[in-house]
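Trainee: Take this structure, written in structure tokens, and hold onto it; I'll ask about it next.
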Amino acid sequence: MSITMNHLHHAWPDGDVVLDDVTLELGPGRHGLVGANGAGKSTLLRLLTGELSPTQGTLDVVGTLAVLQQDLRSGDARLTVSDVLGISVQRRALHAIEAGRTEPELFDAVGDAWDVEERSSAVLARLGLGHLGLDRDITTLSGGELVLLALGARLLTRPDVLLLDEPTNNLDRRARARVLDVVDAFTGCLVVASHDRELLEHVDDVVEVRARGVRVVGGPYSHYEQVVADEQEAARRAVRDAEADLRKQRQELVDTHVKLARRARTAAKAEREKRIPKIVAHGRRMEAEVSAGRLRGEHEEDVEQARERLSDAEDRVRDDRQIRLELPGTRVPASRDVLLTHDLVLAHTGTEVSLHVQGPERIALVGDNGTGKSTLLRTIVGAEAPSSGRVDVKVPVGYLPQSADLLDDDLDVVANVRSHAPDADPQEVRAQLARLLFRGDAALKQASMLSGGERLRANLACLLLATPAPQLVVLDEPTNNLDLVSTRHLVEALRSYEGALVVVSHDERFLDEIRPTRRIDPSGSPV
């Protein structure tokens, strides 16, 4: 039960290299797979699953492999729990044999899985899905139940190697706890690709994909973070030292030019004044020119080497730029009413809601999947009508639903923001975009060409820089599918925001970092 890569290389047909000369062996244990959006993590996963083949090198998986993909949607709405678990054929054969039929093909279908229903029920119970019947239609399941059911299907195959791609996305606390139990108990080779820092604390090592390469750092994610922080401090010191050395070499080159020019003027003057014979002066001049050329060459080589050292040092420093916005228009006084509900009853769930938000409150809306969190957000912003009652929002509101995108791919970043803030001063828009790390030509980049992290920042720009300035921002699972750097940028942007905030998230660390003033469930009750 292992994964082995030898000199693995992968490039796209246009020649863009994603992974280069990767040699790695992952044995039994829990391995966390991390990497910034666009670094090659998804490509590596597709290579591991066999969806892609490496351009060069080899990749071998020893043992049976099971994969839990991130996108679990099925085009067939008629599937049952039994179908998802992959046991329907065996169950039908079992039931036929129990009814007295003796055809050989029925026994072939069962194989040695005579206890398949008992094992399936045990796996479902382990995952908190014991209430599901095997014949239940999956259209009645929540998103979290579907993820756990799909995980149960993989566990039923008793895999030696298990790949999990963002398994905790959209899961509530109880469902996440079930996934963590599976991760802790798995005895084979487990690879989990995730941006969930809590989940990554349960791994034995962290596999980082970066700069076309892969490396392994032992220990959980917190240890990996400390290793990276120490490396970055050393890299920044190296940059400072290299910058000082480059300045020194440049100054020595200037000093050399000045010294040689002074010598040349002195020699020329002596020759003009005929203090030395002409043939001697000519010989000295030729000797001086050779010496000067050699000296200049040595110093110019020293300068070039200093430049290369600086470039190497800069390459080791990661992009740790910070977002610091100035959004005075979003400021809300502490005593001002922002949102009130009046006899509100949500559609679908029938939840009765009593909610009063004042001033720059930061509210974390938490609770199990299916309790109406997203429904409440849509009702607040007017995207969904309640069963009864009403919501009174007294300030401008900005809303970013799950997997939403406010960008027009045919426009550049500046034009996208201007479409949400048509009266804003263009120079102010550029200044604010610079604070969101869109500096210079980056602000003129077409939206279709943006990376995942850049799209997040561009969406935040459209949301936070809109006119009128939003004094209430409503976010639904904003960290889903974000890499850890992008999550940090989101936290920084929200810390700059001075209005009221209502956010749904299952990412406890993210919620802690945005510093909510209170946590409530969809009814408005404290949690």
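The values are calculated or read from the model by the stated rules, or taken from the named source; none is laboratory data. Values in this document were obtained by computation on a predicted structure and should not be read as measured data. Positions of Cβ are backbone-derived with ideal geometry, glycine not excepted, and every protein chain shown enters the neighbour counts.
Trainee: With respect to the numbered conditions (1) in contact (Cβ under 8 Å) with a residue 40 or more places away in the chain; (2) out of contact with any strand residue (DSSP E or B) (no Cβ under 9 Å at 6 or more places or on another chain); (3) not in a helix (DSSP H, G or I), which one is the sole condition not fulfilled by GLN402?
Mentor: Among (1) in contact (Cβ under 8 Å) with a residue 40 or more places away in the chain; (2) out of contact with any strand residue (DSSP E or B) (no Cβ under 9 Å at 6 or more places or on another chain); (3) not in a helix (DSSP H, G or I), GLN402 violates only (2).
Trainee: Suppose the filter is surrounded by fewer than 21 Cβ atoms within 10 Å (Cβ to Cβ) and more than 19 Å from the chain's Cα centre (by Cα); does GLU198 pass it? Give the steps one after another, and end with the answer.
Mentor: On the way: surrounded by fewer than 21 Cβ atoms within 10 Å (Cβ to Cβ): yes; more than 19 Å from the chain's Cα centre (by Cα): no.
No.
Trainee: Looking at the range 414-428, is at least one residue closer than 18 Å to LEU501 by Cα and not in a helix (DSSP H, G or I)? Can you show your working first?
Mentor: Going residue by residue through the range 414-428, those that are closer than 18 Å to LEU501 by Cα are none.
No; the residues of the range 414-428 include none that is closer than 18 Å to LEU501 by Cα and not in a helix (DSSP H, G or I).
Trainee: Looking at the range 382-393, which of its residues are more than 28 Å from ARG174 (Cα to Cα) and surrounded by 14 or more Cβ atoms within 10 Å (Cβ to Cβ)? Working first, answer last.
Mentor: Initial filter on the range 382-393 (more than 28 Å from ARG174 (Cα to Cα)): 382-383, 385, 387-393.
Selection gives SER387, GLY389, VAL391, VAL393.
Trainee: Also, quick follow-up: Is one or more of the residues making up the range 197-209 in contact with an Asp or Glu (Cβ under 7 Å, 6 or more places away or on another chain), under 15 Å from ARG30 (Cβ atoms) and free of Cβ contacts under 8 Å to residues at least 40 places away in the same chain?
Mentor: At the first step, the residues of the range 197-209 found to be in contact with an Asp or Glu (Cβ under 7 Å, 6 or more places away or on another chain) are 198, 202.
Those still in the list that are under 15 Å from ARG30 (Cβ atoms) too: 198, 202.
Now drop any that are not free of Cβ contacts under 8 Å to residues at least 40 places away in the same chain, which leaves none.
Within the range 197-209 (the criterion being in contact with an Asp or Glu (Cβ under 7 Å, 6 or more places away or on another chain), under 15 Å from ARG30 (Cβ atoms) and free of Cβ contacts under 8 Å to residues at least 40 places away in the same chain), the answer is no, since none of the residues qualifies.
Trainee: If you scan the range 181-195, which residues turn out to be under 20 Å from the mean Cα position of the chain (by Cα) and more than 17 Å from GLU477 (Cβ to Cβ)?
Mentor: If the condition is that a residue be under 20 Å from the mean Cα position of the chain (by Cα) and more than 17 Å from GLU477 (Cβ to Cβ), then VAL191, VAL192, ALA193 are the ones that fit.
Trainee: Can you name the residue in the range 143-173 that is modelled with pLDDT under 85 and closer than 17 Å to SER505 by Cβ and, of all such residues, is surrounded by the fewest Cβ atoms within 10 Å (Cβ to Cβ)?
Mentor: Restricting to residues being modelled with pLDDT under 85 and closer than 17 Å to SER505 by Cβ, the top hit is ARG173.
Trainee: Of all the residues that make up the range 426-450, how many are surrounded by fewer than 17 Cβ atoms within 10 Å (Cβ to Cβ), among the polar types (S, T, N, Q) and within 18 Å of GLN322 (Cβ to Cβ)?
Mentor: Residues flagged as surrounded by fewer than 17 Cβ atoms within 10 Å (Cβ to Cβ), among the polar types (S, T, N, Q) and within 18 Å of GLN322 (Cβ to Cβ) within the range 426-450 amount to 0.
Trainee: Within the range 1-37, which residues are small (Gly, Ala, Ser) and surrounded by 15 or more Cβ atoms within 10 Å (Cβ to Cβ)?
Mentor: Taking the range 1-37 as the starting set, the residues that turn out to be small (Gly, Ala, Ser) are 2, 11, 15, 27, 29, 32, 35-36.
If the condition is that a residue be small (Gly, Ala, Ser) and surrounded by 15 or more Cβ atoms within 10 Å (Cβ to Cβ), then SER2, ALA11, GLY29, GLY32, GLY35, ALA36 are the ones that fit.
Trainee: If I filter the range 132-143 for residues that are touching a residue at least 12 places away in the same chain (Cβ under 8 Å), of a type in the set (A, V, I, L, M, F, W, C), over 29 Å from SER2 (Cα atoms) and outside any loop (DSSP other than H, G, I, E, B), do I get at least one hit?
Mentor: The answer is yes; a qualifying residue exists.
Trainee: How many residues are in contact (Cβ under 8 Å) with a residue 60 or more places away in the chain, in a loop (DSSP other than H, G, I, E, B) and among the charged types (D, E, K, R) when one looks only at the range 357-399?
Mentor: Result for the range 357-399: 2.
Trainee: Give just the number: which of (1) in contact (Cβ under 8 Å) with a residue 60 or more places away in the chain; (2) surrounded by 16 or more Cβ atoms within 10 Å (Cβ to Cβ) does LEU124 not satisfy?
Mentor: (1)
Trainee: List the number of the failed condition for ALA185; all other conditions in (1) within 17 Å of ALA66 (Cα to Cα); (2) modelled with pLDDT under 90 hold.
Mentor: Of everything listed in (1) within 17 Å of ALA66 (Cα to Cα); (2) modelled with pLDDT under 90, ALA185 misses just condition (2).
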